[in-house]
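A quick write-up on the structure given underneath.
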């Protein structure tokens with residue numbers, strides 16, 4: 001049997017990286033001077049291509065077909 005959730009379990013706290021990483025942190029300084037966009041091109045082949053909504057809907061429709069039918 002599940003317990004009734006306490007109020008603290010139903011609360012939502014919004015946290016951003018801006019709040020977590022101090023303004024003078026070394027990683028912020030590195031990010032300001034190094035352009036990491038080249039990495040996207042190097043690893044693009046490791047990820048599935050972006051699907052627009054119609055392609056996604058088509059895949060979901062095919063996935064819903066019962067092979068036993």
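All of the numbers you see were taken from the coordinates with simple rules; none came from a lab. Nothing here was measured: the structure is a model prediction, and the numbers come from that model. Cβ: placed from backbone, ideal geometry, glycine included. Neighbour counts: every protein chain shown.
Observations, loosely collected:
- Taking the number of Cβ atoms within 10 Å of each Cβ as an exposure proxy, the fewest-first ranking of 19, 14 is 14, 19.
- Exposure proxy order (Cβ contacts within 10 Å, fewest to most) of 25, 45: 45, 25
- For 29, 42, order by how many other beta-carbon atoms lie within 10 Å, fewest first: 42, 29
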